[in-house]
Amino acid sequence: YQRKYAYQEVSRTLCQPQTKAEVETQHFYVDVSTLSLNTSYQLRVTRVENFVLRTNERFSFNATAAQPQYFKYEFPAEVDSVIVKVTSAMAFPCSVISIQDILCPVYDLDNNVAFIGMYQTMTKKAAITVQKKDFPSHSFYVVVVVKTEDEACGGALPYYPLSKDASPDEPVDQHNRQKTLEVMVSPAITSEAYVRSVLFCLGIFLSFYILTLLIACWESCRQHKRKGLLAAMDSPSLDTGHSHSIPDSFLNHGPYDSYGYGSFGNGSSSSTEGITDSLASAEVSYSYVGQEQFKRRTPSAPTRPLSIAMGERSLENVAGRPRLDSLSSVEEDDYDTLADIDYDKNVIRTKQYLCVADLARKDKRVLRKKYQIYFWNIATIAVFYALPVIQLVITYQTVVNVTGNQDICYYNFLCAHPLGNLSAFNNILSNLGYVLLGLLFLLIILQREINYNRALLRNDAHALECGIPKHFGLFYAMGTALMMEGLLSACYHVCPNYTNFQFDTSFMYMIAGLCMLKLYQKRHPDINASAYSAYACLALVIFFSVVGVVFGKGNTAFWIVFSVIHIVATLLLSTQLYYMGRWKLDSGILRRILHVLYTDCVRQCSGPMYVDRMVLLVMGNIINWSLAAYGLIVRPNDFASYLLAIGICNLLLYFAFYIIMKLRSGERIKLIPLLCIISTSVVWGFALFFFFQGLSTWQKTPAESREHNRDCILLDFFDDHDIWHFLSSIAMFGSFLVLLTLDDDLDCVQRDKIYVF
């Protein structure tokens, strides 16, 4: 602002040239200049005490805008890197901390402190990690400059009223603009700590691979035992009149357990095994409100071998049913869209309660190809999205390294461990869990698909006609999205700031959207949205995210438009869920709405046809309308996180809706998904605790953000946000397993007995 300030005392520390010895006499000139008309002054030369800082010792000093301070630090022989911590009890005046090589002159004024070295603006905290390899002399200067203005640190620009007779160029008296600071230099972590932390990170997530392998081996052994039991039952000894009891532990399993979660078994169990399991769950009943209860009965008294009797009974309603698969070749025109199923909707429109069999009429190979497009599309999106992101963050890191301006990136500087050109390697390493667990989930899905395809080749009756139709394309897309979330989160943490936060959230939107689509697909396999329309909607969400980040701050018009779109989208989605897709959005929608209101509310007061669904959807609308009102009234600065919160809340609402309707339909939750739900909920709780610690925030200035910085809490290497990365990756993996195994209890139930909701 080109203001002139009056100071009563000015001091500078003289720089000692490297070519001069300490005992050598040096001559220098002191020039004094002033804007005052007539000033008398005194010149005083004193020796600077404690000029060389000692390791792990605190040193306090005062500084003003006209009295900058700098000190020297020399690396001990056994220390390769140190962290310089500067603290102050006063937030203002704003100051700058700089690390400079041992050169003359020392740039210790507000207008030149950024010329060389590394520097940060500071209110109460500052921390800079310094490596010995960057300084040939194995020593450096710690420079502290108090700025003449506080705006760079988020402070207000003070108003200094001028007297009537004063000239506009008259210097302004800032009175006592002095700051008391404390500096301490302590050794940073060693290379052994880096190795230990990398091994710790790998050990945590590779243990999930080992656990999955152990579960697979256990299931494989169990399969062999069941095969032996069935072979014994088929032997002639069963006809001798001796009674044989079958342990429940061998019978109470799904129809093809080798296709269970985490399994890497050979998947070669015969269809007879599925028949055995069919008997075990024969007394499990499935009912729904307003429907007659359906119960499968066990055979009365088998006089033939047990396996044959069970086979005839369990397949009495299945074997005679026609195959719904078409054997014709799959043509490009066979792909179905939402418009293609209007005819199927009309066929079943008169039924009050739909069954999965009503919405599973399409050719399975066509549907398989349809849902595989989800994976290939997200893989293509990932490549084209990630490459420019990686290039951009590398440019950011290069700018930080070349200019030395550490205000560009919002790290937790008290726990930022550099490696190579990366300033915060620990924040990047902690994202490894997303990639490894995403890959593990893909392997589990691959094994499930292989075993399911083998069951189809064997014409296994349960695989053909029972359970929720198995389509794995969305699961592949979810696993890929989890891996990409890890990659893009690592890219964001290369240089976290306001402009690239969208990289960290883009695939979070996709994960939330894909999970909701998968929940919907479970009961609506034929009428689920195509990959193109789904990704177009997600692209629209990301578009709103970018617009909100750029234009959303304090823009009332934007928030009004977004809130209206949010409410309308909520109403449309609620209608889709309530009528289970049996409605049409066209020019006659308003006429039909008025007709329904007249017939159901005016002509006769009748309650909703689907009471459970109506109650849950009303609760969901209340929550979404509340979120829209919150955004319109508060208008949060972090629009990307606000939009993500909307997506997560709706995903949780839909998941709760699915669980409640599942239980209301007389279905049950098996042990493995129940354990996954409980453990995942606990892990999510701890993860959110660490997430909300808030170690930095780009909603404030860099200096104010550093006030939230905290020391490492795990292995002297990982901070709270790294723990969030660990726990959230595990929680996401567990959430995916919940979606994968949630309906395993239906694998023995015919599809015309599984209700749609």
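For the stretch 110-140, the candidate set comprises residues that are assigned to a loop (DSSP other than H, G, I, E, B), touching a residue at least 60 places away in the same chain (Cβ under 8 Å) and out of contact with any helix residue (DSSP H, G or I) (no Cβ under 7 Å at 6 or more places or on another chain); within that set, the residue that is nearest to Gly420 (Cα to Cα) is Phe135. When Ser728 is tested against (1) over 26 Å from Ala463 (Cα atoms); (2) open to solvent by less than 10 Å² (accessible area, probe 1.4 Å); (3) not in a helix (DSSP H, G or I), just one condition goes unmet, and that condition is (3).
Under the condition of being at pLDDT below 90 and open to solvent by less than 20 Å² (accessible area, probe 1.4 Å), the residues counted in the stretch 686-701 number 1. Of the residues making up the stretch 653-684, those that are open to solvent by 40 Å² or more (accessible area, probe 1.4 Å) and free of Cβ contacts under 8 Å to residues at least 60 places away in the same chain are Leu653, Ala656, Ile660, Leu663, Leu671, Leu674, Leu675, Ile678, Ser679, Ser681, Val682, Trp684.
Residues of the stretch 693-709 include none that is over 14 Å from the mean Cα position of the chain (by Cα) and assigned to a strand (DSSP E or B). Here the condition is being more than 19 Å from Asn431 (Cβ to Cβ), of a type in the set (S, T, N, Q) and assigned to a loop (DSSP other than H, G, I, E, B); of Asn453, Asn459, it holds for Asn459 alone.
Inside the stretch 473-498, residues that are part of a loop (DSSP other than H, G, I, E, B) and either crowded, with 21+ Cβ neighbours inside 10 Å or without any contact (Cβ under 8 Å) to a residue 40 or more places away in the chain (or both) make up a count of 2. Among the residues of the stretch 46-53, is any without any contact (Cβ under 8 Å) to a residue 12 or more places away in the chain, within 30 Å of Met122 (Cα to Cα), of a type outside the set (Asp, Glu) and surrounded by fewer than 16 Cβ atoms within 10 Å (Cβ to Cβ)? Yes, because at least one residue in the stretch 46-53 is without any contact (Cβ under 8 Å) to a residue 12 or more places away in the chain, within 30 Å of Met122 (Cα to Cα), of a type outside the set (Asp, Glu) and surrounded by fewer than 16 Cβ atoms within 10 Å (Cβ to Cβ).
Considering only residues in the stretch 528-557 that are assigned to a helix (DSSP H, G or I) and touching a Lys or Arg at 6+ places or on another chain (Cβ under 9 Å), the one that is surrounded by the fewest Cβ atoms within 10 Å (Cβ to Cβ) turns out to be Thr556. Looking for something among the acidic types (Asp, Glu), in contact with a Lys or Arg (Cβ under 8 Å, 6 or more places away or on another chain), assigned by the TED database to the domain that holds Thr13 and within 21 Å of Ser186 (Cα to Cα) - is there at least one such residue anywhere in the stretch 78-98? Yes, some residue in the stretch 78-98 is among the acidic types (Asp, Glu), in contact with a Lys or Arg (Cβ under 8 Å, 6 or more places away or on another chain), assigned by the TED database to the domain that holds Thr13 and within 21 Å of Ser186 (Cα to Cα). A Cβ distance below 9 Å, combined with a sequence gap of six or more or placement on separate chains, defines the contacts here; from the stretch 189-200, residues that are open to solvent by less than 80 Å² (accessible area, probe 1.4 Å) reach residues that are small (Gly, Ala, Ser) and assigned to a helix (DSSP H, G or I) in the pairs Ile189/Ser197. Pairing each residue of the stretch 92-106 that is closer than 24 Å to Arg706 by Cβ with any residue that is open to solvent by less than 10 Å² (accessible area, probe 1.4 Å) and assigned to a loop (DSSP other than H, G, I, E, B), provided the two are 6+ apart or on different chains, yields C-beta distances under 7 Å for Phe92/Thr123; Cys94/Thr123; Val96/Val113; Ser98/Val113. The criterion of being crowded, with 21+ Cβ neighbours inside 10 Å, in contact with a strand residue (DSSP E or B) (Cβ under 8 Å, 6 or more places away or on another chain) and polar (S, T, N, Q) holds for Ser98. When you look at Leu617, is it at pLDDT below 75 and either on the phi > 0 side of the Ramachandran plot or in a helix (DSSP H, G or I) (or both), yes or no? Answer is no for this residue. More than 27 Å from Ser197 (Cα to Cα), at pLDDT below 90, out of contact with any Phe, Trp or Tyr (no Cβ under 9 Å at 6 or more places or on another chain) and in a helix (DSSP H, G or I): does that describe Leu644? No, not satisfied. Just one residue in the set Glu57, Glu78 is without any contact (Cβ under 8 Å) to a residue 24 or more places away in the chain, closer than 26 Å to Lys133 by Cβ, exposed (fewer than 13 other Cβ atoms within 10 Å of the Cβ) and acidic (Asp, Glu); that residue is Glu78. The strands (runs of 3 or more DSSP E) found entirely in the stretch 1-87 that carry 2 or more residues being among the aliphatic types (A, V, I, L, M) are 81-87.
The values are calculated or read from the model by the stated rules, or taken from the named source; none is laboratory data. Just so we're clear, the structure is a prediction, and the values are computed from it rather than from any experiment. So basically every Cβ, Gly included, is an ideal-geometry build from the backbone, and we count neighbours across all protein chains shown. Just so you know, the surface numbers come from the protein's heavy atoms only, side chains and all, with ligands and any DNA or RNA stripped out. Shrake-Rupley method; radii C 1.70, N 1.55, O 1.52, S 1.80 Å.
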